[in-house]
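Everything below concerns the one structure shown next.
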Amino acid sequence: MTDKAPPELTPLQNKTLGLLRRAPDPLVFDQAFVASIRSDVDDAFAEFAERLGTTTLFLSKHRVTSVLGCEVQHLLPDDFSWSPAVAGGQVAHRAIQIGINWRGDPVPADLVDEAIARLADEDTSLGEWIERLSEADRADLTGFAVDKVIKFVECFPPLDRRAAPTTESSVRWPIQGPIVLSGKVDLTIGRPAGAESRKVIIDLKTGWVSPKHREDLRFYALVETLRTGVPPRKLASFYLDAGEPVVEDVDERILLTATRRTLDAIHAEIELQVEGRTPVKRPGVSCKWCPMASECDEGQAYLAADDDRS
């Protein structure tokens, strides 16, 4: 018997493969540059630690973006709650993770059912929420997740295990201390070979393109550089609804920008949380979902101007 021929790739899958494929020439960053990034961050963290006292900071991509936006909104209590639409992304990511390692050609709906069952068994807020779902809400959740998984399969070619594809990969640096940078990457492909950069970091997105999505990926590139000493080679925000990625090659400028932005965010967090500086209002896109928008003159002015531009 002969092995079954691999399925023919669609034009969209071929396009994705071409965008993410490595260039013929290996990408190797100057190790002196990488060491300088690490040294600058170490020095800044030491100075920040003196200002923090007993306070600890855990910075994710979301907190970096939040504190560098409207500081008043940043300091509001977190009123997050699960819904089928919000949880659908988490379920889809788990289903994609299962699918990457599944033998054969799994049905997206089966992957989603398995993902929901596994998440429901976990001792997390999401697991508890799934356990309490009504049949109608569970059906909604399944529908949102299946839609995302199908779009992922349509956009991405089958991922070779030799490329070390990984979903929902937790990253953090340093291992301990008063300041920790952390996050969870939707999808990574590749791994360093010596000092050669081979990893691609991908965020799976729905909806519209936003400048902050690029900044989020640059934050991940910085954390990857600090924890491994080898920067990733490429960053991609993949918009599943449109079947389009926004791809960026990693270079020294990107890493320097990410470093400066992250250190600025830590400085602002310390000023606000420890040193008591008055928060600054910075109206922007986030005004659209800010709970204080109706009471904020600056926010109302921004939203009115935004309506005029629409």
(request) Considering only 170, 66, 182, give the residue with the highest GNM mean-square fluctuation for the chain, with springs between Cα atoms whenever their separation is below 10 Å. (result) 170
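Give a quick list of chymotrypsin sites (Phe, Trp or Tyr not before Pro) in region 61-149 that DSSP marks as loop, anything other than H, G, I, E or B, with at most 11 other Cβ atoms within 10 Å. List each step's numbers first, then the result.
Values: sites: 80, 82, 102, 129, 144; in loops: 80, 82, 102.
Within region 61-149, the qualifying chymotrypsin sites (Phe, Trp or Tyr not before Pro) (loop, at most 11 other Cβ atoms within 10 Å) are 80.
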(message) Within the chain, which whole H helices from DSSP have a Cα span along their axis of at least 20 Å and a mean Kyte-Doolittle hydropathy of 0.5 or more, if any?
(response) 84-100
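Keeping all protein chains in place, calculate the accessible area per residue for region 178-310 (probe 1.4 angstrom), answer in Å². Spell out each step's value before the answer.
Values: 6130 Å² over 133 residues.
Per-residue accessible area for region 178-310 comes out at 46 Å².
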(message) To check my understanding: the extent here is largest minus smallest coordinate of the Cα atoms along each principal axis. What are those three numbers for region 265-305, in Å, largest first?
(response) 34, 17, 15
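Given a 1.4 angstrom probe, what's the average accessible area per residue across region 1-150, in square angstrom? If you can, show how the numbers build up before the last one.
Details: 9260 Å² over 150 residues.
Heavy-atom accessible area per residue stands at 62 Å².
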(message) On a 19 Å Cα-Cα criterion, which of the cross-link pairs 61/212; 61/184; 148/234; 148/288; 61/205 come out too long?
(response) 148/234; 148/288
(request) Return, for the Cα atoms of region 84-155, the radius of gyration and Dmax in Å, separated by a comma. (result) 11.4, 33
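Consider all pairwise Cα distances in region 1-126 and report the whole-number % of them above 20 Å. Mind dumping the intermediate values first?
On the way: 5809 of 7875 pairs.
Value for region 1-126 (Cα pairs over 20 Å): 74 percent.
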(request) First compute the accessible area of the chain with a 1.4 Å probe, then give the percent of it belonging to carbon and sulfur atoms. (result) 52 percent
(message) Starting from a Cα-only point model with no solvent, please compute log10 I(q)/I(0) by Debye for region 191-292 at q = 0.11, 0.16, 0.18, 0.20 1/Å.
(response) -0.45, -0.85, -0.97, -1.07
(request) Give the long-range amide H neighbours of residue 177: residues separated by 5 or more places, or on another chain, with amide H under 5 Å away, using H modelled in the peptide plane at 1.01 Å from N. (result) none
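Provide Rg over Rh for the chain; use the alpha carbon set for both Rg and the Kirkwood Rh (inverse mean inverse pair distance). Walk me through the numbers on the way to the answer.
Values: Rg = 21.2 Å, Rh = 21.5 Å.
On the Cα set of the chain, Rg over Rh gives 0.98.
The values are calculated or read from the model by the stated rules, or taken from the named source; none is laboratory data. Computed from a predicted structure; not experimentally measured. Note that each Cβ is placed from the backbone with ideal geometry, even for glycine, and that neighbours are counted across all protein chains shown. Each accessible area value is taken on the protein alone, full model and side chains, heavy atoms only, with ligands, DNA and RNA left out. Shrake-Rupley method; radii C 1.70, N 1.55, O 1.52, S 1.80 Å.
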